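Written below as structure tokens is the structure these notes are about.
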Amino acid sequence: MVTPVGAASSANTPYTPSVSGSESSTDEKSTTLQYESFLKLLVAQMKNQDPTEPMDATQQMSQLATFSQVEQTVKTNKNLESLLQRTSLQEANSVIGRTVTSEDGKITGVVKEVTLYNDGIVAKLDSGKTLVIGPGVKISDGKSDTKT
């Protein structure tokens, strides 16, 4: 069973995939606020320009192009975040039922369930122990061994 829960940056705090339309990180909120501020300033500038001396068309097109770029960047970031979440869930799911061994060989067992965190995967083994799946951990399925 893959368990994605709670957003965080440490291995002790679970990870939550964001729901479509919700803001899950400070950076994303900041980007959204900057995007909205830019849009408000652009609209205010267009509304309040002097009709006898309108804004230079080149400047206006430049600002509209910038607005379009910012909008596209926000959409791209959301799509990348979604892709990373799916990849992390697939990676977590791929270790269930496989045998894992810690780098030092002290912890070994078959993975019964995993919890996905922002900075990695923690596997719960059939022995009741937990193991962070990361560099140096050996993963095997009885046919071949893989080292992460």
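The values are calculated or read from the model by the stated rules, or taken from the named source; none is laboratory data. Treat the numbers as computed from the prediction; the structure is a model and nothing was measured. Neighbour counts run over all protein chains shown; Cβ positions are idealised from the backbone, glycine included.
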For this session: Identify all residues within segment 79-102 that are among the charged types (D, E, K, R) and at pLDDT 90 or above; write none if there are none.
Result: Arg98
Exercise. Applying the selection to segment 29-43, what residues are surrounded by 13 or more Cβ atoms within 10 Å (Cβ to Cβ) and modelled with pLDDT of 70 or more?
Worked result: Tyr35, Phe38, Leu39, Leu42
Exercise. If you go through segment 59-99 one residue at a time, how many are surrounded by 12 or more Cβ atoms within 10 Å (Cβ to Cβ) and among the small types (Gly, Ala, Ser)?
Worked result: 4
For this session: Considering each residue of segment 46-58, count those that are modelled with pLDDT of 80 or more, surrounded by 11 or more Cβ atoms within 10 Å (Cβ to Cβ) and in a helix (DSSP H, G or I), and give that number.
Result: 0
